[in-house]
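Below is one structure, written out as structure tokens; comments come after it.
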Amino acid sequence: MNRILALVIGLVVTAFIVRAGTFIVEGPPHLGKAPLEFLAALHGFTLDQMYEARRMLEVGSAGLAAERATGEHMVGMADELTGMFATLDDPQAFLRHDLGFHRAVAAGSGNPIVAAIIGTLTEIIWETGRINMAGFSLRESAETHRRIYEAIRSRSPERARREMSEHLEHARWEQVKREAGDARKPKPKPRPA
């Protein structure tokens, strides 16, 4: 109950501050996470709902990044990808770089609204511990992120969207399997060349 009260207070304070005036800041907007945390606490969003929202946002973001990412955005993605490969033996550090990669892709989309929403969502994922990398094949996950990065770097929007979609679907299945203890894996879809 205290957590919900804190979230409500955060939401009220956020609403009050936003209504206090119009401010122009440098850089992409930063959404406070209190409103999304409040919704999560009230509605208890499920893992499937979280991944559905991520697919809706991040698949399109990857396609836009393939069209719009600057050299600076590519460096950010490459840094996070390098960090993933460097932390294959540390699931929590790996997850930090994994989420950083997704934020970098969102920034590369060139759409600050999408980047802010994805950034806020990844903060909530990190802070709530909804994703647990223990037991994941971190090397396989890093390789998947490399394919996303290569599609973006080669300026292939369709391939970037496909790779991101497949990655999120696989990650969703892995998380659901862990939470439910279900060992059944869906049939893999054939990969286009």
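Bear in mind these aren't lab numbers, they're just calculated from the coordinates by the rules spelled out. Just so we're clear, the structure is a prediction, and the values are computed from it rather than from any experiment. Here Cβ is always computed from backbone atoms with ideal geometry, including for glycine, and neighbour counts include all displayed protein chains.
Could you pull out every residue, at least 5 positions away or on a different chain, whose amide H is within less than 5 Å of the one on G110? Hs are placed 1.01 Å off N in the peptide plane, and Pro or chain starts have none.
none
If one computes the Cα centroid of the stretch 39-112 and of the stretch 134-175, what distance in Å separates the two points?
The stretch 39-112 and the stretch 134-175 have Cα centres spaced 10 Å from each other.
Run the quick spin-label model on F85 and S137: label points 7 Å from Cα toward the beta carbon, then report their separation in nm to one decimal.
Between F85 and S137, the simple spin-label model gives 1.8 nm.
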